[in-house]
Amino acid sequence: MTSTRQLSDKVRTELLDQIPSGWASQAACAASGLDPDAWFTEPGEHAWSAARAVCWSCPVRQPCLASALARTESGLWGGYSEAQRATARSALTEGVPVSLVLQLGETTGRAA
Ligand code: SF4
C-alpha cells in the first residue's frame, strides 16, 4: 500500500536536504549482485529479505530513505518497506523531526 499522507513543503525540503549529490553512486544494491527485482518482491519473501539485508549494510541508506520518503515509491528503499515508509511519513506529518525518523530506522527498521 502506498501512503496518501501528504508531507508539507517544509518537511519535504528537509528530507531533500539530507540527500548529498552523487549518493546513488555508493548504492550497495548496484554492487550486490542481487536481481534488482528483489527490491520489489513482497515483504517476507526470501529475495526481499536478502535485498533488505543489503540495504541495512548500505552506506547511503539514510539518503536513500530520505529520497523515498520525499517521493512516493513502491518497493524497498532505504531498508524500509512501503508500509514502514507510510508509518515514517505519518510520523513526519505529526511533527517528528526528519533526523529522528531517519535514525529510528537504525533500530526499529531492522526488527520490523
Ligand atoms: S538503501 Fe537499499 S535501496 Fe537504497 S541505495 Fe542502499 S541498497 Fe539500494
Report, by residue number, each residue of the stretch 67-104 that is assigned to a loop (DSSP other than H, G, I, E, B) and farther than 21 Å from S25 by Cβ.
T72, S74, S81, E94, G95, V96, P97
It is to be established whether one or more residues within the stretch 67-81 are of a type in the set (G, A, S), closer than 22 Å to R12 by Cβ and touching a residue at least 60 places away in the same chain (Cβ under 8 Å).
yes
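Bear in mind these aren't lab numbers, they're just calculated from the coordinates by the rules spelled out. The shown structure was predicted, so the numbers you read here are calculated from the model rather than taken from an experiment. All Cβ positions, glycine included, derive from the backbone under ideal geometry; neighbour counts span all protein chains shown.
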